[in-house]
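Enquirer: Take this structure first; my questions come after.
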Amino acid sequence: MDYSAAAKLLEQHGQEQLLQYYDELDEAHRKILLSEISQIDFSVIERAKRGGAVNGGKITPADAVTVEDISANGARYEQLGLQSIARGEVAAVLLAGGQGTRLGYNGPKGTYNIGIERKLSIFECQMDTIKKVAGKAGYCFHLFVMTSRMTDLATRSFFKENAFFGYPQDKIHFFIQSVSPACSHEGKILLEEKYKPVLTPNGNGGWYTSLMSAGFGGLIRSEGIKWLNVYSVDNVLQKICDPIFVGATIESGCACSGKVVKKISPDEKVGVLCKQDGEPCIVEYYELSEELRNARNEDGELTYRWGVILNYLFSVDKLDKIDMKAMPYHLADKKVPCIEDGVKVNPQSPNGYKYETLVVDMIKLMGSCLAVEVVREREFAPVKNRTGVDSVDSARELLKLNGVQL
Ligand code: UTP
């Protein structure tokens, strides 16, 4: 893109401020700026809205395949799941593009050492479970690793240094998630440097679009992959391509499924799988009204109890049919370091919005979703913070409980 094309584009979108330092820049920085401008998706700003999926519709509880049901039918589900994995119909997608700000660790979260007396990265923990399933199915399924601009290089190097954790290298594919611009409260895109707009990862809901933009659609089709198991990097007990989960989903005929745990309290900070106007949906904890949060059934159970743990299975056929542009953008009010009046400032209070799509919003678009309950202590050990709730400390305790040597 040359200067005049960029200027025209910015004028169309009311973002001319991005070129305000152009004359001061040397040739190399001018090139960077023009290339960055060409990558901006301006529609994000128009699509963005406050709040999420709950606006408007009637919320009702969703059913789930419970732990009791799995005790009775688990063997059948597992058999079905293993057969599908063995045929190469299932692949995994690791969401590792987050910034992990709460953990306060300088590097991709997956490289964090959760071990105590030995080195054990979060990536290694998860790869160990992948190898177990692959061993049982007799087939090493594909793994797509989503990184971001910030985590890409360090993630790839870490996998390489660790010899891909003993998994076939040709089955591990990396791709970088797309970015969205960060704006001032007035809707003007901010500059990180005079030659660089603030472009940040566009949220974990962008995974399928980014996977397709990276050119993996061909591989998915040629390999006959029908299901994608999407999971987050920050759960060290994450079971990936769990055959029981895969089998239960296939048998249900649903287009997607999500692993859930029973919420431990009304205020636990997890999204809840429920229904909105009869369609499956996930309501984030901060969007569920106090009344619904505290509602209980006659037996005393929370009515809205199925908390999601960011482990979903999506049908590829259905993903290809849905309109990803229908995904809402969520605004997060953040402190965004930026150039103001020609100098770099580190704001003390939130000064701008970051725009993110969330994987939870895909559930509604998929049309049908099976909730599958899992045993919390066996499958849910989130690492969000250094200490306290959902932390390195609590995850270590849970790993020990599951017999993992640390
Ligand atoms: P979180 O919502 O916990 O965000 O991510 P985060 O950026 O990792 O952490 P904080 O909020 O800054 O502390 C949940 C999952 O979604 C992935 C993360 O890597 C994690 O696996 N994610 C999040 C992405 O892949 N891309 C994103 O843009 C955001």
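The values are calculated or read from the model by the stated rules, or taken from the named source; none is laboratory data. Quick caveat, the model's predicted, so the values are computed rather than measured. A quick note on method: Cβ atoms are made from the backbone with ideal geometry, for glycine too, and the neighbour counts reach across all protein chains shown.
Enquirer: Collect the residues in the stretch 253-265 that are within 18 Å of ASP63 (Cα to Cα) and assigned to a loop (DSSP other than H, G, I, E, B), keeping them in residue-number order.
Expert: Answer for the stretch 253-265, where residues must be within 18 Å of ASP63 (Cα to Cα) and assigned to a loop (DSSP other than H, G, I, E, B): GLY253, CYS254, ALA255, LYS263, ILE264.
Enquirer: If you don't mind, there's one more thing I want to ask. Run down VAL198, VAL179 and say which single residue is away from the ligand (no atom under 12 Å from the Cβ), among the β-branched types (Val, Ile, Thr) and more than 21 Å from VAL316 (Cα to Cα).
Expert: Within the list VAL198, VAL179, the selection yields VAL198.
Enquirer: Return the pairs, sorted by first residue and then second, in which the second residue is of a type in the set (Phe, Trp, Tyr) and more than 12 Å from the ligand (Cβ to nearest atom), the first residue lies in the stretch 137-149 and is in contact (Cβ under 8 Å) with a residue 60 or more places away in the chain and closer than 30 Å to LYS196 by Cα, the beta carbons are less than 9 Å apart, and the residues are 6+ apart or on different chains.
Expert: Partner pairs satisfying both residue conditions: PHE144/PHE174; PHE144/PHE216; MET146/PHE174.
Enquirer: Run VAL270 past the list (1) part of a loop (DSSP other than H, G, I, E, B); (2) away from the ligand (no atom under 16 Å from the Cβ); (3) surrounded by 18 or more Cβ atoms within 10 Å (Cβ to Cβ) and report the number of the one that doesn't hold.
Expert: It is condition (2) that VAL270 fails.
Enquirer: If you don't mind, there's one more thing I want to ask. Given the criteria of a type in the set (Val, Ile, Thr), modelled with pLDDT of 95 or more, away from the ligand (no atom under 16 Å from the Cβ) and closer than 19 Å to LYS259 by Cβ, does ILE122 qualify? Let's see the steps before the verdict.
Expert: Values: of a type in the set (Val, Ile, Thr): yes; modelled with pLDDT of 95 or more: yes; away from the ligand (no atom under 16 Å from the Cβ): no; closer than 19 Å to LYS259 by Cβ: yes.
Against the criterion (of a type in the set (Val, Ile, Thr), modelled with pLDDT of 95 or more, away from the ligand (no atom under 16 Å from the Cβ) and closer than 19 Å to LYS259 by Cβ), ILE122 does not qualify.
Enquirer: Taking only the stretch 310-349 into account, find how many residues are surrounded by 12 or more Cβ atoms within 10 Å (Cβ to Cβ) and either within 16 Å of the ligand (Cβ to nearest atom) or hydrophobic (A, V, I, L, M, F, W, C) (or both).
Expert: The total comes to 23.
Enquirer: Tally up the residues in the stretch 10-29 that are touching a helix residue (DSSP H, G or I) at 6+ places or on another chain (Cβ under 7 Å) and more than 16 Å from ILE339 (Cα to Cα), please.
Expert: 1
Enquirer: Now, a different point. Kindly list, by first and then second residue, each pair from a residue in the stretch 247-268 that is within 16 Å of ILE70 (Cβ to Cβ) to a residue that is among the acidic types (Asp, Glu) and surrounded by fewer than 16 Cβ atoms within 10 Å (Cβ to Cβ), limited to pairs with Cβ atoms under 8 Å and residues at least 6 apart or on different chains.
Expert: Listed by first residue and then by second, the contacts come to LYS262/GLU301.
Enquirer: Among the residues that make up the stretch 230-252, is at least one of them at pLDDT 95 or above, part of a helix (DSSP H, G or I), surrounded by fewer than 20 Cβ atoms within 10 Å (Cβ to Cβ) and not hydroxyl-bearing (Ser, Thr, Tyr)?
Expert: Yes - at least one qualifying residue is present in the stretch 230-252.
Enquirer: Give all pairs with beta carbons closer than 7 Å in which a residue from the stretch 99-110 that is among the hydroxyl-bearing types (Ser, Thr, Tyr) meets a residue that is more than 8 Å from the ligand (Cβ to nearest atom) and not in a helix (DSSP H, G or I); count only pairs at least 6 apart in sequence or on separate chains.
Expert: Pairs that qualify, where the first residue is among the hydroxyl-bearing types (Ser, Thr, Tyr) and the partner is more than 8 Å from the ligand (Cβ to nearest atom) and not in a helix (DSSP H, G or I), are TYR105/TYR112.
Enquirer: Considering every residue within the stretch 150-165, establish whether at least one is within 16 Å of the ligand (Cβ to nearest atom), in a helix (DSSP H, G or I) and touching a Phe, Trp or Tyr at 6+ places or on another chain (Cβ under 6 Å).
Expert: Yes, some residue in the stretch 150-165 is within 16 Å of the ligand (Cβ to nearest atom), in a helix (DSSP H, G or I) and touching a Phe, Trp or Tyr at 6+ places or on another chain (Cβ under 6 Å).
Enquirer: Moving on to the next point. Within the stretch 355-393, can you find the residues that are touching a strand residue (DSSP E or B) at 6+ places or on another chain (Cβ under 8 Å), surrounded by fewer than 19 Cβ atoms within 10 Å (Cβ to Cβ) and in a helix (DSSP H, G or I)?
Expert: Passing the criteria: only ARG376.
Enquirer: On the given criteria, is LYS119 touching a residue at least 24 places away in the same chain (Cβ under 8 Å) and surrounded by fewer than 22 Cβ atoms within 10 Å (Cβ to Cβ)?
Expert: Numbers: touching a residue at least 24 places away in the same chain (Cβ under 8 Å): no; surrounded by fewer than 22 Cβ atoms within 10 Å (Cβ to Cβ): yes.
So LYS119 does not fit the description; no.
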